[in-house]
Structure formats: structure tokens, C-alpha cells
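Working notes, structure below.
What follows is calculated from the coordinates using simple rules that are stated; it is not laboratory data. Since the structure is predicted, the reported quantities are computational estimates derived from the model, not experimental observations. Neighbour counts run over all protein chains shown; Cβ positions are idealised from the backbone, glycine included.
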């Protein structure tokens with residue numbers, strides 16, 4: 001194994017699978033079902049068409065960056081003002097990605113298996129581990145993802161195939177009972193989850209070799225499958241009406257799983273899956289935030305990690321209900337996140353198409 005402070009392309013994809021998987025596998029699905037109902041699975045498939053083009057745009061920008069960090073590339077190509085205008089919303093998005101996942105994890109933990117444990121204790125325990133991992137650097141995160149992901153995937157196949165006798169895929173039909181509007185509403189939330197692939201641009205400087213177009217398309221395909229599989233499973237097992245009422249449909253599928261007549265109650269496996277994804281997601285967000293803040297001093301960087309983590313724990317302690325949080329995700333977070341990422345992607349394309357000056361070309365030839 002090379003010790004150069006970087007990770008391989010395979011490790012980068014595994015990190016992204018856990019980072020994006022936790023939101024597309026869990027958080028997005030109840031929003032999708034509540035808005036699109038039975039048509040939700042078709043929303044996922046159709047969303048893959050425009051986002052294939054978007055993935056190509058990401059690849060073009062990534063190729064032009066030549067494995068430089070985004071803040072360095074932007075400063076060289078567009079100046080500090082434009083750089084800050086683009087980087088600030090990206091940092092806000094990273095912060096909100098970690099915060100919303102921390103809140104969701106805290107709620108799920110309290111509701112399902114630690115009802116008497118104070119919520120701030122759960123948040124502190126998870127955030128403490130994430131801060132330590134972020135301080136450890138991208139190499140430790142890549143290695144951890146390589147260990148966790150195979151187990152997470154095997155457990156996913158276990159619950160998917162184990163529940164086949166309880167699935168009725170005829171419940172996926174008929175489509176368009178309420179017209180075409182729910183279909184397009186669903187695509188909005190699918191897009192909000194897929195757009196997190198933007199992290200590949202931020203992760204590229206930590207990867208030994210440049211990502212190619214096939215890597216972006218593979219990541220897109222994986223993201224669609226991670227959303228489609230538990231979504232169709234929820235509809236086939238519970239029906240479109242009941243699954244739309246559930247707060248965590250993917251978790252409820254574990255409660256149906258049995259082996260023969262004597263082995264049941266295996267939902268504790270989902271705890272491993274969820275915490276593995278939440279751990280990697282929050283950690284990578286903290287690490288990338290540290291990169292964008294361009295803090296070189298190690299002590300200051302560590303302090304910033306602790307400050308960011310502490311502020312997220314403080315936000316989780318604010319007085320709000322889970323219904324208000326779901327409403328925020330539905331009406332504010334995912335639509336706004338998608339809009340911001342699309343606008344930033346188009347802006348980066350304009351920076352990419354801008355002809356570099358001779359000084360830039362000379363100073364940064366590979």
C-alpha cells in the first residue's frame with residue numbers, strides 16, 4: 001500500500017457509495033414516496049437521463065482541474081471574488097449535508113433503539129468519532145470505507161433477497177393514477193440526492209489518479225440503484241400508501257425479515273448499515289470543509305474540525321419536531337441544494353470554457 005496521503009480510485013468510489021448511499025437509501029425515499037407515491041420508482045429511472053449529461057459536465061470540469069484543489073483552480077482561473085462566490089455556497093452545502101444526516105441519525109436512534117438516551121449524547125458520540133477520523137486524514141477514511149462497505153453491501157443483499165417471498169411487484173403498477181405531476185415532483189428529490197456526486201470534484205485532489213468519465217457514469221448508476229432498490233422493495237412489501245406513511249421505509253424492511261419460523265427481529269443489522277454510512281458521510285464533509293477553508297496549520301485545522309462538529313451538535317439541540325425537520329427537507333433543503341449545485345456546475349463550466357491567459361498556461365502545465 002502506498003503511503004502518500006492519498007487514496008485509490010476504488011477507495012474513492014467506496015467512500016462516495018457510503019456517503020451518498022445513506023441519503024439516497026434512507027433520507028430521500030420517504031420524501032419520494034410522499035410526493036410521487038407509486039410513480040416514485042419511475043422518477044428515479046427518468047432522473048438518470050438529465051443527470052447523465054450533468055455527470056459529463058462534472059467530468060469536463062474535473063479534467064480541466066488537473067487534480068488541483070477546487071479553491072486553487074478557481075483562484076487561478078477566475079480570481080478571488082468569483083472563487084469566494086462559488087466556494088461559500090459549496091461550504092454551506094457540505095455543512096448542511098453533515099448536519100441533516102446527524103439530525104436524521106439522532107432521530108432514528110432515539111425512536112428505534114435508544115429511547116431513554118438523551119439525544120445530545122447520541123450526537124456527541126457519533127460526532128466525536130467523525131472528528132477523530134477527519135483529523136486522521138483521507139487515508140484512514142479510505143481504508144475504513146474499504147472495510148465497512150463490503151459488509152454493508154452484503155447486508156443489503158441479505159435483506160433484499162430474504163424478503164422476496166413477502167414482495168408483490170405487481171404493486172408497482174399502474175402508473176400515472178394522479179397524472180404526471182407526481183412523477184416530476186419525485187425527480188426533484190432524486191436530483192437532490194444525485195447532485196451530491198459533486199463531491200467527486202472536491203475529492204479528486206486526494207485521489208492518486210484522475211477520475212475518468214466512466215467513473216462518473218458508474219457512480220451515477222450506483223446512486224440510482226441505491227435509490228431504486230429499497231424504494232421498489234418498500235412499495236412491493238408495504239404498498240404505495242403504507243410505505244408513504246413510514247418515516248424510515250428502508251428500516252421497516254428489516255423488520256419483515258425472518259429466517260424460517262424461529263429467527264426474526266434482525267433489524268439490528270440495519271444499525272451497522274446506517275452508522276457506517278453516517279460515519280463516513282459526516283467525516284468526509286468535515287474533511288472537505290477543512291480543505292476549502294485552506295487552513296494549513298495543523299492545530300488550527302483540528303480546532304476548526306472540533307468547532308464545526310460542536311456547532312452541529314448545538315443545532316441538533318434546538319427545539320424542533322421531526323415533522324418540522326421533514327418539512328424542511330421536503331420544501332427547502334433538497335430543492336435548494338439541487339438548484340445551488342446545478343448553478344455552481346454551470347458556473348464552473350463557464351470558468352472551464354474561459355480561455356486561460358498565457359501566464360496561467362505556463363504556470364500550471366503538468
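Using Cα pairs closer than 8 Å and at least 6 residues apart in sequence, work out the relative contact order for the stretch 9-354, in percent. All intermediate terms of the calculation are to be shown ahead of the outcome.
Values: 396 pairs, mean separation 140.8, N = 346.
With pairs under 8 Å counted, the relative contact order is 41 percent.
Throw me the Rg/Rh for the chain, computed over C-alpha atoms with Kirkwood Rh, two decimals.
0.97
Would you look at the GNM of the chain, springs on alpha carbons closer than 10 Å, and say which of 126, 102, 155 moves the most?
Sorting by GNM fluctuation, first place goes to 155.
Given the peptides 329-337, 285-293, arrange them by the average over their residues of other C-beta atoms within 10 Å, most packed first.
285-293, 329-337
What are the equivalent ellipsoid semi-axes of the stretch 47-100, built from the alpha-carbon gyration tensor (square roots of five times its eigenvalues), in whole angstrom, biggest first?
Computed over the stretch 47-100, the values are 21, 19, 9 Å.
Mind jotting down the distance between the C-alpha centroids of the stretch 145-160 and the stretch 1-63, whole Å?
17 Å
Can you give the Rg and Dmax of the stretch 180-285 based on its C-alpha atoms, in angstrom?
Rg and Dmax of the stretch 180-285, Cα atoms, are 17.2, 52 Å.
FRET efficiency for residue 160 and residue 346, Cβ-Cβ distance as r, R0 = 30 Å, nearest 0.05?
0.20
Using the alpha-carbon centroid of each, what span in Å lies between the stretch 172-209 and the stretch 312-336?
Their Cα centres are 20 Å away from one another.
What length, rounded to one decimal in nm, is gained on full extension from residue 173 through to residue 85, with 0.36 nm per residue of separation minus their alpha-carbon distance? Don't skip to the end; give the middle numbers.
Details: separation 88, 0.36 × 88 = 31.68 nm, distance 4.57 nm.
Roughly 27.1 nm would be gained on extension.
Tell me the mean residue ellipticity at 222 nm calculated for the chain from its helices only (DSSP H runs of n ≥ 4, each -39500 (n - 2.57), averaged over every residue, nearest 500). Write down the numbers at each step before the final one.
Numbers: 16 runs with 271 residues, N = 366.
Calculated mean residue ellipticity at 222 nm is -25000 deg cm²/dmol.
On C-alpha positions alone, give me the angle between the axis of helix 40-65 and the longest principal axis of the chain, in degrees, nearest 10.
20 degrees
Determine, for each peptide in 106-114, 188-196, 220-228, the mean count of other beta carbons within 10 angstrom over its residues, then list the peptides with the highest first.
By packing density, highest mean first, the sequence is 188-196, 220-228, 106-114.
By how many nm would the segment from residue 225 to residue 318 lengthen if fully extended, with 0.36 nm per residue of separation less the alpha-carbon distance?
Answer, rounded to one decimal: 30.0 nm.
Any chance you could give the angle, 0 to 90 degrees and rounded to 10, that helix 119-136 forms with the longest Cα principal axis of the chain?
Result, in degrees: 40.
Of 68, 281, 181, which is the most mobile in a GNM of the chain whose springs link Cα atoms less than 10 angstrom apart?
181
Does anyone have the angle between helix 213-245 and the longest principal axis of the chain? Alpha-carbon axes, 0 to 90°, nearest 10?
Between helix and principal axis, roughly 30 degrees.
Work out the FRET efficiency for residue 56 and residue 307 from their Cβ-Cβ distance, taking R0 = 35 Å, and round it to the nearest 0.05. Please list the in-between numbers first.
On the way: r = 37 Å, r/R0 = 1.07.
That gives a FRET efficiency of 0.40.
Run the quick spin-label model on residue 68 and residue 272: label points 7 Å from Cα toward the beta carbon, then report their separation in nm to one decimal.
Distance between label points: 4.4 nm.
Extension gain residue 116-residue 129, at 0.36 nm per residue separation less the Cα-Cα distance, in nm?
Answer, rounded to one decimal: 2.5 nm.
Given R₀ = 35 Å, FRET efficiency for residue 217-residue 354 by Cβ-Cβ distance, to 0.05?
For R0 = 35 Å, the calculated efficiency reads 0.85.
What ranking do 96, 154 get, fewest neighbouring Cβ atoms within 10 angstrom at the top?
Ascending Cβ contact count within 10 Å gives the list 154, 96.
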